[in-house]
Amino acid sequence: MIRFKNVSLKLGNKQLLDQFNLNISKGDKVVFSAPSGSGKTSLLKLVLGFVEADGGKILFNKREVMPENMRFIRSQIGYLSQDIDFPNGRVSEVFQEIFSYTVNKNCHYSTVRLVEKLHEVQLNEEILRKNTSDISGGERQRLGWALILLLDRPVWLLDEPTSALDDKMKQFFIDYTVRSHKTVICVSHDTEWQVPPMKVISRFCP
């Protein structure tokens, strides 16, 4: 489903990826675990087309990651970034805005479904009346989870998805991810993510 073929990436004077190869099949779950600055997040950005590789190819469902294919590729991905940057505004209105984007227009959205997902991630619907600037880091991260659950896309790219959560909530989302049928690439320093069936990748250069 996702294939890295001899991918190289250099940022400044640092070689992050050097002839990196990885094949991720449908339903596979992979966790990238390595020191900060080793290229973990860059791998996610390469798949999303936010960063361009210096060499090699990245294939998504046999389509090469390149500008003309990005609308399709991004429509298949639920991306949870480390620093979730919701637009400023009331939470309910922000979610409505997100689902008005062209890439999300085929996704079914309703307030009823949103409230269901909020309860699923253990948030009260009263948060919908809050401004995004007034919510805590943990609430923001759980709203991010609620969003990717609503989008219900086949691939999840997760960048430190439990960094702002307590141990109980962290374990809840790990268990949820492991049980899901999604294809998952997760970047995390938390060793709790390194459980079956998660495949741990820690080296990106020979």
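Here are some notes:
- Theoretical FRET efficiency, 1/(1+(r/R0)^6), r = Cβ-Cβ of Asn61 and Arg203, R0 35 Å, to 0.05: 0.85
- Counting neighbouring beta carbons within 10 Å and listing from fewest to most, the residues Ser100, Ser180, Ser38 come out as Ser100, Ser180, Ser38.
- Here the Gaussian network model covers the chain, with springs between Cα atoms less than 10 Å apart; of Leu22, Leu11, Leu46, Leu11 fluctuates the most.
- As a ratio to 2.2 N^0.38 Å, the alpha-carbon radius of gyration for the stretch 2-201 is 1.03.
- Across the stretch 41-116 the C-alpha pair distances fall into 5 Å bins from zero in the proportions 3, 13, 20, 20, 17, 13, 9, 4, 1, 0 percent.
- Footprinting exposure proxy ranking of Trp193, Trp145, fewest other C-beta atoms within 10 angstrom first, gives Trp193, Trp145.
- Comparing His189, His108, His181 in a Gaussian network model of the chain (Cα springs below 10 Å), the most mobile by mean-square fluctuation is His108.
- In the chain, the calculated helix contribution to ellipticity at 222 nm averages -8500 deg cm²/dmol per residue, counting -39,500 (n - 2.57) for every DSSP H run with n ≥ 4.
- Label sites at Asn124 and Tyr101, each approximated as a point 7 angstrom past Cα along Cα to Cβ, lie 3.0 nm apart.
- Residues Tyr101, Tyr109, Tyr79 arranged by fewest to most Cβ contacts within 10 Å: Tyr101, Tyr109, Tyr79
Readers should treat all values here as calculations from the given coordinates under stated rules, not as data from a laboratory. Bear in mind that the values here come from a model prediction, so they are computed numbers and not experimental data. Please note: Cβ atoms are built from the backbone with ideal geometry, for glycine as well, and neighbour counts cover all protein chains shown.
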